[in-house]
Each structure stands twice: as structure tokens, then as C-alpha cells.
Amino acid sequence: RLSAPTPPEHPKASFSTGSGFFVSTAGHIVTNAHVVNDCSTITVRPDGAVPVPAQVLAKDKTNDLAVVKVQGPVENTLPIRASVRLGEGIAAFGFPHTDVLATTGNFTLGNVTALAGLRDDSRYLQVSAPVQSGNSGGPLIDGSGNVVGVVSAKLDAIKMAASQGDLPQNVNFAVKAGLATSFLDANEVPYDTGALGEKLDPADIASRAKKASVF
């Protein structure tokens with residue numbers, strides 16, 4: 001009696017999502033390294049546009065930064081300001097939980113609550129702007145519309161509650177913009193330098209962030 005061979009099992013394709021933002025009209029996008037790690041293909045959806053293919057130009061796993069590029073030109077970019085003050089008002093834009101939340105992006109407000117991350121890690125800012133899974137790689141923006149950080153992580157509230165007996169609220173982290181500019185300089189990626197200027201209405205900041213961000 002002959003039996004048919006068992007067909008090979010093909011592994012199911014997996015995917016992850018994250019956020020990013022344009023820093024050059026040539027199509028350079030900053031995001032987190034962990035967003036694009038181990039990806040065989042990368043697709044970027046700019047605001048109001050169809051998804052387009054992108055390629056990784058550079059990654060810095062130590063500082064959780066990456067640059068990907070789509071074919072330019074693009075119209076909207078965000079300038080980068082390499083310093084920020086404790087207590088300064090900031091906003092975060094990104095695409096969290098797009099399976100249940102708005103796929104057009106999410107805008108939240110907060111403040112810089114510490115100039116270092118966990119265990120005084122000087123690479124990070126701690127911020128109170130709420131972020132969720134999918135916000136990673138999105139811009140952290142000051143009151144004048146400049147990027148001052150790249151959203152990277154949030155504190156695991158459940159683990160903290162189990163280990164410390166307390167439920168932390170709005171403890172989130174972003175890679176400092178100074179590290180991002182050094183990374184871009186090292187890889188010869190063009191970007192605009194921003195400065196603190198006229199304070200914008202939050203709705204205007206949200207509009208700028210949305211136009212320059214990608215899913």
C-alpha cells in the first residue's frame with residue numbers, strides 16, 4: 001500500500017507595524033531599528049497615499065534607530081532640534097493598534113518628565129505623552145513643530161505592578177534627537193535643523209506631524 005507524501009508545512013508569514021517620519025524631500029525616513037529588524041520586505045504608507053516599497057539604508061541597533069528610503073520627492077518633512085528641556089511640552093504622533101484604532105494616526109500631548117531613561121540611560125527621554133504598540137519610530141515633537149525625539153518604548157505597567165506593587169502611568173521613552181542627528185550625519189542623510197520659535201496650536205502641530213509621518 002502506497003501513501004501520499006505529506007505536503008511540507010510552510011511557515012505562516014508574520015508582520016509587524018510601526019511608525020516613522022520624513023526628514024528629507026528625497027524620501028529618507030527615520031524610524032526605530034526594532035521596527036525593521038528581521039523584515040524581508042518593508043512597505044511605507046505616507047499620509048493620504050498608497051503604500052510604497054522602502055529599503056533600509058542604515059541601522060543602529062544600539063541606539064534603536066534606522067533610516068529607510070522611498071522614492072522621492074516628498075513634500076512634507078519635519079526639522080530636528082537636538083536639545084529639549086525638562087518639563088517642556090511635547091506631542092507624539094504615530095500609528096498604534098491599527099487593527100482597532102484609527103489607521104490615519106494618533107496624536108497625544110504630554111511633557112518631558114526626565115532627561116534620561118531607565119536606570120539613567122542617557123540615550124533616552126522620559127515623556128508623559130501616552131503611546132502604545134505601533135507608536136515606535138514616530139516623531140516626538142516640540143511646541144514649534146520640531147522633532148526632539150524618536151518614540152521608542154513604554155514601561156510595561158503589568159510587570160511593574162507585579163514586581164513593585166504599583167501601576168505606573170504614562171511612563172514612556174524616546175531616543176533623543178541628538179543621537180538621531182549624529183546617526184543621520186554618519187550616514188550622510190540630509191535633514192533640516194529646527195529651533196524653538198513661535199508656539200503652535202496643538203491642532204497645527206498635529207497637522208504637520210500627520211503630513212510628514214508614515215505607517
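Where a number appears in this text, it was derived from the coordinates with a stated rule and is not lab data. Note that this is a predicted model, so its numbers are computed, not measured. Here Cβ is always computed from backbone atoms with ideal geometry, including for glycine, and neighbour counts include all displayed protein chains.
Numbers below:
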{"quantity": "Under Karplus coefficients 6.51, -1.76 and 1.60, residue-wise ³J(HN,Hα) of region 133-149 in Hz, glycine/proline x", "calculated": "4, x, 6, 3, x, x, x, 9, 10, 7, x, 9, x, 9, 6, 10, x"}
{"quantity": "Long-range HN-HN contacts of ASN111 with modeled amide H, under 5 Å", "calculated": "ILE90, SER128, ALA129"}
{"quantity": "Proximal charge balance of GLY149 [Cβ under 12 Å; K/R count +1, D/E count -1]", "calculated": "0"}
{"quantity": "Highest to lowest packing among 143-152, 65-74, 25-34, 119-128, scored as the average C-beta count within 10 Å", "calculated": "143-152, 25-34, 65-74, 119-128"}
{"quantity": "Under 5 Å, built H, 5+ apart or other chain: amide partners of GLY20", "calculated": "VAL214"}
{"quantity": "Backbone HN-Hα couplings from phi across region 200-210 [Karplus 6.51/-1.76/1.60, Hz, Gly and Pro as x]", "calculated": "9, 5, x, 5, 6, 4, 4, 5, 5, 5, 4"}
{"quantity": "For ASP192, distant residues with modelled amide H under 5 Å away", "calculated": "ILE80"}
